[in-house]
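Novice: Take this structure, written in structure tokens, and hold onto it; I'll ask about it next.
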Amino acid sequence: MITAGIESGAKNTKVVIMDNDKILCKNMVLTGFDQRLAVKRAFEDALKAGNLSKDKIEKIGATGSGKDFVEIADVNVNDIKAMGKAANYFFSNARTVVDVGSEEGRTVKINENGDIEDFVINEKCAAGAGSFIEAMARALEVDLEEMGPLALTSDKEIGMNAQCVVFAESEVVGLIHAKTATNDISRAIHDSMASRIVSMIRRIGVNEDIVVMGGVGRNPGFITPIQRELNVEKIYVPDEPEFGPALGAALVAAL
Amino acid sequence: MNILHKFHEISNNSNSYIKKIKKEKNKIIIGSLCSFVPEEIINAANAVSYRILPAHHTTLFANLHLQSYSCGYIRSVLEEKISGRLDFLDAVIFPHTCDSIQRLSDIWRMTQSGIHFDILFPAKLNTKSSKEYLIKILLRFKSELEQKFSITISDLNIKKSIFLINNIKNNIKKIYNIREKNPLILKGKDIFAVQKAGTFMDKKEFLSMLLELIAELEEKFLKQKSPKGRKRLIISGNICSISNIYSFIEDLKADIIWDDLCIGSKYFENKIDENQKNIFKAIAEKYFKKSICPAKHLGIRNRGEYLLKIIKKKKIDGVIFLFLKFCDPHSFDYPYLKEMLNKEKIPCLLIETEIFEKNTTRIKTRYQAFLEIINKI
């Protein structure tokens, strides 16, 4: 059965098209202001990439904060459910799933079938979300992709107090004024964000194995402090972690 | 207009309702901030107890007096006062329950005009000395009320008020009992409107409307079959001002069939003993058996045990904790409550909201995931 999963996220819209368990193609575009247009573009480009016509897609599942605006969807898939199913697809050993999107950080405890057992979503602010690192990269005038590798070159631990992105940014400015090395600041930023996520993991209980999804999964500066903080041997990250929820939606659509 | 529409109409227009009552019935209107207010004494003074509920207005002035960690409710109440939208109140009562209400009382006294009462409730509600103290506090409140408004509050009128308010509570419970058996005959947003109206309406008028509603519901109950396969949830927390919280759940084939809210079961489950000769002792004792507010103490695990009791009795599938952001008393209790529920394998969900939540998508996402868990059990 060929299904498509569409994640209409706050920042990016992603599409994954699958033939049962096999990924046929995927695509990602910036969501921008018009969620419907982003969905249309992402879906059409994904079809082109897979050399498929729309009538070949038997079912479409939509997830993400804009899922209600995905008019072509047959199934509205809860974001947490999509995460659980995707983590289970990538790693059947997954029991805790972390998904850091641009506006939300989430941790989910799942069972051997990828079904949700418990979950926590950040409530207070963006300090547990991808936009936190983006804002800090701007403050440091460092490319987003460089932030993680830069953090790994630091061996200094500098605590950051601010729980809020805006105040964290002024804390970073304070560190810049104090001539703190950029790599040390980058590490402080990643450690701070990782500690928020670790607290969320602890709230549902640390159940190995831990899988990280969302674009932040590509950032080693974020994965390393989580591993260190939780004292686990390995954190599992799929090859293209940002496509996790869309893939989960495609899997649920096939059920 | 049918009775339910009338409840919604009044509930949505509390200020215009109360202004009309004041004009037509010549009643004293006393604002209050919490369900701990002894409304039996107020009613006996020919006054109406008006629970100040959150309003949909942007905060323009209250932030001058409050810190960023104050809850939205406190902020909204102060904003309404400063903006002059509470000018119909003849007095305001601050029951000393949570820190925020106590501090708001100080700010109010220093910066706002008008008659102001503090009722200094004891923190512990399970000792002999605190009960003796509370009786004195209630007597003092009665005499302060008499002095400020040059009135006399007779014991007979207090007794009549106790009887009237107990009657109201019995009837709200009756509605809950009908809903529990068939939640589809009265939607969550409707029971919410009824409860909200009850926080400020003239007691006699409210009772007569309740009786009319019950007659309608009983008739409906006989005709309409109870739904099957829907999940039964309970909501616990502080003041709930988002009525569509209920409809989101109902769309997912589940119903909030009971609650542990101040403007909910916590109100009607605590009645005053009508046979007690010493009426002030009787009123004080109500607080000592009250399903407890997290700002007060009635035993270390009292709230958790109470919740588990309801869960068993009402065959509840899951608990939704709905807290206002920055509500310390509830947030401090949450970890132990969750632990107690986890031990009993009762799923629970925590949602923190602003007074009027704009981003309802995030709430729906949490509800859906929560129902996923419950449906798998």
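The values are calculated or read from the model by the stated rules, or taken from the named source; none is laboratory data. As the structure is a prediction and not an experimental result, all values here were calculated from the model. Here Cβ is always computed from backbone atoms with ideal geometry, including for glycine, and neighbour counts include all displayed protein chains.
Novice: Can residue A:53 be described as free of Cβ contacts under 8 Å to residues at least 40 places away in the same chain, of a type outside the set (D, E, K, R) and under 30 Å from residue A:199 (Cα atoms)?
Specialist: Values: free of Cβ contacts under 8 Å to residues at least 40 places away in the same chain: yes; of a type outside the set (D, E, K, R): yes; under 30 Å from residue A:199 (Cα atoms): no.
So residue A:53 fails the test.
Novice: If you don't mind, another one. Quick check on the range B:261-270. Is at least one of its residues under 25 Å from residue B:346 (Cα atoms), among the acidic types (Asp, Glu), under 17 Å from the mean Cα position of the chain (by Cα) and not in a strand (DSSP E or B)?
Specialist: yes
Novice: Looking at the range A:136-156, is at least one residue within 30 Å of residue B:324 (Cα to Cα), over 14 Å from the mean Cα position of the chain (by Cα) and modelled with pLDDT under 85?
Specialist: no
Novice: Can you say whether residue A:106 is in a helix (DSSP H, G or I), basic (Lys, Arg) and not assigned by TED's automatic domain parsing to the domain that holds residue A:250, as far as the supplied structure shows? So that I can check it myself, show each step before the final result.
Specialist: Working: in a helix (DSSP H, G or I): no; basic (Lys, Arg): yes; not assigned by TED's automatic domain parsing to the domain that holds residue A:250: yes.
No.
Novice: For the range A:180-190, enumerate the residues that are part of a helix (DSSP H, G or I) and surrounded by fewer than 24 Cβ atoms within 10 Å (Cβ to Cβ). Let's see the steps before the verdict.
Specialist: Filtering the range A:180-190 for residues part of a helix (DSSP H, G or I) gives A:182-190.
Result: A:182, A:183, A:184, A:188.
Novice: Residues B:173, B:196, B:181: which one is modelled with pLDDT under 95 and under 19 Å from the mean Cα position of the chain (by Cα)?
Specialist: B:196
Novice: Oh, and also: Quick check on residue B:268: is it under 30 Å from residue B:39 (Cα atoms) and aromatic (Phe, Trp, Tyr)?
Specialist: So residue B:268 fits the description; yes.
Novice: When residues of the range B:287-313 are filtered for being surrounded by 16 or more Cβ atoms within 10 Å (Cβ to Cβ) and in a loop (DSSP other than H, G, I, E, B), how many remain?
Specialist: Result for the range B:287-313: 8.
Novice: For residue B:77, only one of the following conditions fails: (1) of a type in the set (A, V, I, L, M); (2) touching a strand residue (DSSP E or B) at 6+ places or on another chain (Cβ under 8 Å); (3) assigned to a helix (DSSP H, G or I). What is its number?
Specialist: (2)
Novice: Of the residues B:281, B:253, only one is at pLDDT 90 or above and surrounded by 15 or more Cβ atoms within 10 Å (Cβ to Cβ); which?
Specialist: Of the residues listed, the single one that is at pLDDT 90 or above and surrounded by 15 or more Cβ atoms within 10 Å (Cβ to Cβ) is B:281.
Novice: I'm checking my understanding of the structure. Among residues of the range B:321-377 that are more than 10 Å from every other protein chain (Cβ to nearest Cβ) and of a type in the set (S, T, N, Q), which one is surrounded by the most Cβ atoms within 10 Å (Cβ to Cβ)?
Specialist: By that ranking, first place goes to B:331.
Novice: Filter the range B:77-117 for residues that are in contact with a Cys (Cβ under 9 Å, 6 or more places away or on another chain), closer than 26 Å to residue B:13 by Cβ and buried (at least 23 other Cβ atoms within 10 Å of the Cβ) and give the result.
Specialist: Selection gives B:93, B:94, B:95.
Novice: Need the failing condition index for residue B:136 against (1) over 18 Å from the mean Cα position of the chain (by Cα); (2) farther than 15 Å from residue B:39 by Cα; (3) in a helix (DSSP H, G or I); (4) in contact (Cβ under 8 Å) with a residue 40 or more places away in the chain, just the number.
Specialist: Evaluating residue B:136 over (1) over 18 Å from the mean Cα position of the chain (by Cα); (2) farther than 15 Å from residue B:39 by Cα; (3) in a helix (DSSP H, G or I); (4) in contact (Cβ under 8 Å) with a residue 40 or more places away in the chain leaves (4) as the failure.
Novice: Any idea which of A:143, A:115, A:191 is in contact with a Pro (Cβ under 9 Å, 6 or more places away or on another chain) and assigned by TED's automatic domain parsing to the domain that holds residue A:229?
Specialist: Testing whether each residue is in contact with a Pro (Cβ under 9 Å, 6 or more places away or on another chain) and assigned by TED's automatic domain parsing to the domain that holds residue A:229 leaves just A:191.
Novice: When the range A:56-98 is examined, which residues are found to be out of contact with any strand residue (DSSP E or B) (no Cβ under 6 Å at 6 or more places or on another chain), within 13 Å of chain B (Cβ to nearest Cβ) and closer than 14 Å to residue A:18 by Cβ?
Specialist: A:85 - this is the single residue of the range A:56-98 that is out of contact with any strand residue (DSSP E or B) (no Cβ under 6 Å at 6 or more places or on another chain), within 13 Å of chain B (Cβ to nearest Cβ) and closer than 14 Å to residue A:18 by Cβ.
Novice: Oh, and also: For the range A:63-104, which residues satisfy the criterion of being among the hydroxyl-bearing types (Ser, Thr, Tyr), under 26 Å from residue A:135 (Cβ atoms) and surrounded by fewer than 24 Cβ atoms within 10 Å (Cβ to Cβ)?
Specialist: Those that are among the hydroxyl-bearing types (Ser, Thr, Tyr), under 26 Å from residue A:135 (Cβ atoms) and surrounded by fewer than 24 Cβ atoms within 10 Å (Cβ to Cβ): A:65, A:102.
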